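Some notes on the structure that comes next.
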Amino acid sequence: MKKETISSLVARRAFLRRLGRAATCAGAVVGTGALGVMQTVAAKSAPASGAGSFPTKDYDWTKHRWAFGVDTTKCIGCLRCVEACKRENDVPGDAHHFRTWVERYVYLEGETRARIDSHHDPVNIKASGSEREYRFANRYKDAKVEKAFFVPKLCNNCTRSPCTQVCPTGATYRTEDGVVLIDQKYCIGCQYCVQACPYGARHFDHEKQVADKCTWCYHRITKGLQPACVEVCPVGARVFGDLKDKQSPISQFIRNNRVRVLKPEQGTVPNVYYVGLDKDVI
């Protein structure tokens, strides 16, 4: 993108951000009537641009219902999923922006709660030697470890997604096949969605001045491909598929395992299903 184009977009978003905040304040004064209009915009389930078969020609999103599975008993914390995601989706290469990440849970002898860290923890960044390389530091080599495991995390693409409810422009919306997307042309960078997500699954791209998150590689799955993170996982810890297909990998994963979702008390109805979650995983 040309510099002048980026500058014009930044200026436009700054204007819209101010406009959006003004509208929010006005809504608070006017009352439920204005808020009702805002909710109608935010709850829409079609691209703000009005594209028909977005993003893949001839793709019919009414025929699919996508879902994701994670088997924490298999994950080895290799972080290939993180690296593949960044390359596939043009996510900034530093350790502060991510669409998917992996957390490490370690129980030491005599302790009742897990110690939790991730690849963007300062100790792990220092161990890797660069914010563009991802690994877990061997910080427990001299400790007595009772139990340790890894938990991949990503956007849950919730059925009742808080992010779509707070978006003032409708840039964040839920598709008919169950994926929450961001139309970056309409994102004003207010970051309301980032704050609203109870899973910490969104980040703000300062270069593009827009919110970003995992979309389960929507541009791939609408072409019959797997998400990049699923494709590169060497141990099959990540599972993806169509719930409308009873023989799909995700349908079998849910049917054959005792699965859980993260933070069910939030009422968001997540669509990422886990096997082997520990009590300290939230």
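Some observations on this one:
- Test set (1) of a type outside the set (D, E, K, R); (2) part of a helix (DSSP H, G or I); (3) over 19 Å from residue 216 (Cα atoms); (4) under 19 Å from the mean Cα position of the chain (by Cα) - residue 96 fails condition number: (2)
- Search result, residues across segment 237-267 that are surrounded by fewer than 16 Cβ atoms within 10 Å (Cβ to Cβ), of a type outside the set (S, T, N, Q) and in a loop (DSSP other than H, G, I, E, B): 244, 245, 246, 258, 263, 267
- Residue within segment 76-97 that is in contact with a Leu (Cβ under 7 Å, 6 or more places away or on another chain) and either under 26 Å from residue 232 (Cβ atoms) or of a type in the set (Val, Ile, Thr) (or both) present: no
- Matching residues, segment 213-236, being surrounded by fewer than 22 Cβ atoms within 10 Å (Cβ to Cβ), in contact with a strand residue (DSSP E or B) (Cβ under 8 Å, 6 or more places away or on another chain), under 14 Å from residue 89 (Cα atoms) and in contact (Cβ under 8 Å) with a residue 40 or more places away in the chain: 215
- Within segment 132-151, if we keep just the residues that are within 24 Å of residue 238 (Cα to Cα) and part of a strand (DSSP E or B), the residue that is farthest from the chain's Cα centre (by Cα) turns out to be 147.
- Test: residue in segment 116-131 that is assigned to a loop (DSSP other than H, G, I, E, B), among the polar types (S, T, N, Q) and under 20 Å from the mean Cα position of the chain (by Cα): no
- Of residues in segment 200-212 being in contact with a helix residue (DSSP H, G or I) (Cβ under 6 Å, 6 or more places away or on another chain) and under 16 Å from residue 162 (Cα atoms), the one surrounded by the most Cβ atoms within 10 Å (Cβ to Cβ): 211
Each value in this text was obtained by applying a stated rule to the coordinates, not by laboratory testing. None of these values were measured; they are calculated from a predicted model. Methodologically, a virtual Cβ is constructed for each residue, glycine included, from the backbone with ideal geometry; neighbour enumeration extends over all protein chains shown.
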